[in-house]
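Novice: Dropping a structure here in structure tokens format, bear with me for questions.
The values are calculated or read from the model by the stated rules, or taken from the named source; none is laboratory data. Quick caveat: nothing in here was measured; it's all calculated off a predicted structure. Glycine also receives a Cβ, built like all others from the backbone with ideal geometry; neighbour counts cover every protein chain displayed.
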Amino acid sequence: MSVLVFAEAIKNQYKKSTFEVVLYGARLSKQLGTECIVLTNGNGDSASNLGVYGAQKILNFESENMHDNRMLTKVISAAVSQNGSTVVILSDNSKGKALAGRLAINLDAAVVSGAVALPNTNDGFKVHKSLFSGKAVGSYSLNADIKVISVAGNSIGLEEIGQAVSLESFDASAHSSTVSLVETKRVEGTVPLPEAELVVSAGRGMKAPENWGIIDELAGVLGATTACSRPVADTGWRPHHEHVGQTGIAIKPNLYFAIGISGAIQHLAGVNNSKTIVVINKDPEAPFFKAADYGVVGDLFDVVPRLIESLKKFKAS
Amino acid sequence: MNLLVCISKTPETTAKIAFKENGTQFDTDGVQYIMNPYDEWYALVRAIELKESVGAGKVIAINVGPPSNDIVIRKALAIGADEAVRVDAEANSASFVAKQVASYAKDNNIDMVFLGKETIDYNGSLVGGMLSELLDVPYLSYASNIEVSGNEATVTCEIEGGVEIVKATLPLVVSATKGLAEQRIPNMRGIMMAKRKPLNVIPPVGVEEKEAIVSYQIPEGKTGVKLVDLENMDELVRLLHEEAKAI
């Protein structure tokens, strides 16, 4: 028996969300009284960092085809059978979701995507998952010998639990790819929205795209990622990948600033799992205030510059 | 070119979400249903565009569900699908749906399967991967662009913090996200024609269920907003630091 975590390295680096799944796997393996094995494509040096979050054995493989989920499914499946793994843990990102579905079929496993907490294994095997874009939570009972779980970002607080770790190489060369990668483009310098702990989001109250300077400045002072409401993305004021809400990205950062966003139910669905919500709106009746922890009633063009000044003072102190 | 589009029926985006029978069942009372937006706006429309540009083949919409889903299926036909199939069974899990669609696709010479990146009710994002594994074909997920030339597709897949542009040979499965196409509103002619297009009802294949939702909960809401005067942003910063420990 073992818990197998798939941890993707990008240019030999791991994201915070990847450390989270390693820790999730380590905690689950303790709960089940078994071993936490991490399958990764990092080099030896970077991979050994995974021991900090509880990896006990690291299986390191090399591949130039990390974009191909069919190939990766075969690699993970081979590691599962060689190690007698009964649980597979993945990140709930675009790749992890694709792998979760494929692996469930390949391993004849029970699957849940987007788990928000560790499984309850006292009576059966139950996992909580967010539903209806955050409006509800469901308890999934997994009933098969092998379980596949993808874990939503920011679901587990990172903690260094330091662990002696063994490193082995894993041969993935038998599995070739039929999908060729033309190009990868990454936005450098900012944390992607699904992984961001601090998010500054703005809506129609901004009045025009050229007014976004104060939002960028506020995000800059906080080290936050910017987001927007649907109308703003649909009119092309901001790029689609910034759209958070029911038909955009669902996020659960530590801190969410909603600036000039009224708080339509579809928007709230995608952000209401944020730990702390601050709403800035000139309309005291804006529905968003009911979903907020802190609120400022006032013209955002007046409030945001004042907030930036106060934050600068705070950061300097 | 035969394109299969998976369409789901979901509660509309403003529907009140509530549960009954001691939190074990979704309360459908008063809930209006729509076609899952990712299926309708992006997957279906892009499939129709590709068929139109090739000028041959057909777009088939497939749904797993009861007869009451026919209204959503007819909408897919009104938007431009050529024919539709309904697998006559409740769609209780991702694997159940994936196995129905895979069974149909294997028997019907399908070049590409399109579906939305997720449904807005269960947010599983699992059917596409399952279907691809069942068909043993590439899965291009979160596609925001697809161009097809001959039997090769070039697809832009959204990943966290960027995109991957990949090439793959048909057959394949594509999941659609925002940007893949522009929403089409069915016109009167489309609605009239939809009534005459074939909607075939077929029985399900047997599937052993491995997951079950045993209970639902509504997350606790916020207990009340703390308002801070706009003249006093130092106080907001203090609260965020000391009380919320968010900065």
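Novice: Filter the range A:246-268 down to the residues that are in contact (Cβ under 8 Å) with a residue 60 or more places away in the chain, at the interface with chain B (Cβ under 10 Å from one of its Cβ atoms) and under 20 Å from A:S94 (Cβ atoms) and list them by number.
Specialist: Listed by number, the residues that qualify are A:Q246, A:A250, A:P253.
Novice: What residue, among those in the range A:276-293 that are surrounded by fewer than 23 Cβ atoms within 10 Å (Cβ to Cβ) and under 13 Å from B:L236 (Cα atoms), is nearest to the other protein chains (Cβ to nearest Cβ)?
Specialist: Checked the range A:276-293; the qualifying residue nearest to the other protein chains (Cβ to nearest Cβ) is A:T276.
Novice: Could you tell me which of the residues A:I265, A:I259 is within 24 Å of the chain's Cα centre (by Cα), among the hydrophobic types (A, V, I, L, M, F, W, C) and within 21 Å of B:M233 (Cα to Cα)? Even if it seems obvious, please write down each step before you answer.
Specialist: Details: A:I265 fails: within 21 Å of B:M233 (Cα to Cα).
Selected residue: A:I259, the only one of A:I265, A:I259 that is within 24 Å of the chain's Cα centre (by Cα), among the hydrophobic types (A, V, I, L, M, F, W, C) and within 21 Å of B:M233 (Cα to Cα).
Novice: Do you know which residues across the range B:89-119 are touching a strand residue (DSSP E or B) at 6+ places or on another chain (Cβ under 9 Å) and of a type in the set (K, R)?
Specialist: B:K117
Novice: Among (1) assigned to a helix (DSSP H, G or I); (2) within 13 Å of chain B (Cβ to nearest Cβ); (3) among the hydroxyl-bearing types (S, T, Y); (4) surrounded by fewer than 24 Cβ atoms within 10 Å (Cβ to Cβ), there is one condition A:S48 misses while meeting the rest; what is its number?
Specialist: Failing condition for A:S48: (2).
Novice: May I ask you to list the residues in the range A:41-89 that are among the polar types (S, T, N, Q), in contact with a helix residue (DSSP H, G or I) (Cβ under 6 Å, 6 or more places away or on another chain) and under 19 Å from A:L107 (Cα atoms)? Steps first, answer last, please.
Specialist: Going through the range A:41-89, the residues among the polar types (S, T, N, Q) turn out to be A:41, A:43, A:46, A:48-49, A:56, A:60, A:63, A:65, A:69, A:73, A:77, A:81-83, A:85-86.
Imposing the further condition that a residue be in contact with a helix residue (DSSP H, G or I) (Cβ under 6 Å, 6 or more places away or on another chain) reduces the set to A:60, A:65, A:69, A:73, A:77.
Scanning the range A:41-89 gives A:N69, A:T73, A:S77.
Novice: Report the residue count in the range A:223-248 for those that are surrounded by fewer than 21 Cβ atoms within 10 Å (Cβ to Cβ) and either in the same structural domain as A:D92 (by TED's automatic domain parsing) or not in a loop (DSSP other than H, G, I, E, B) (or both).
Specialist: 4
Novice: Looking at A:S85, A:S63, can you tell me which residue is outside any helix (DSSP H, G or I) and closer than 25 Å to B:E158 by Cβ? Spell out the reasoning first.
Specialist: Working: A:S85 fails: closer than 25 Å to B:E158 by Cβ.
Sole residue among the options that is outside any helix (DSSP H, G or I) and closer than 25 Å to B:E158 by Cβ: A:S63.
Novice: I would also like to ask the following. Which one is modelled with the lowest pLDDT, of the residues in the range B:193-237 that are among the basic types (K, R) and touching a strand residue (DSSP E or B) at 6+ places or on another chain (Cβ under 8 Å)? Outline the logic, then answer.
Specialist: If we filter the range B:193-237 for residues that are among the basic types (K, R), which is where we start, we get B:195-197, B:210, B:222, B:226.
From the residues that got through so far, the ones that are touching a strand residue (DSSP E or B) at 6+ places or on another chain (Cβ under 8 Å) too are B:197, B:210, B:222, B:226.
Details: B:K197: 98, B:K210: 97, B:K222: 84, B:K226: 96.
The selected residue is B:K222.
Novice: Scan A:N93, A:N65, A:N43, A:N106 and give me the residue that is under 15 Å from the mean Cα position of the chain (by Cα) and not hydrophobic (A, V, I, L, M, F, W, C).
Specialist: Numbers: A:N65 fails: under 15 Å from the mean Cα position of the chain (by Cα); A:N43 fails: under 15 Å from the mean Cα position of the chain (by Cα); A:N106 fails: under 15 Å from the mean Cα position of the chain (by Cα).
Exactly one residue qualifies, and that residue is A:N93.
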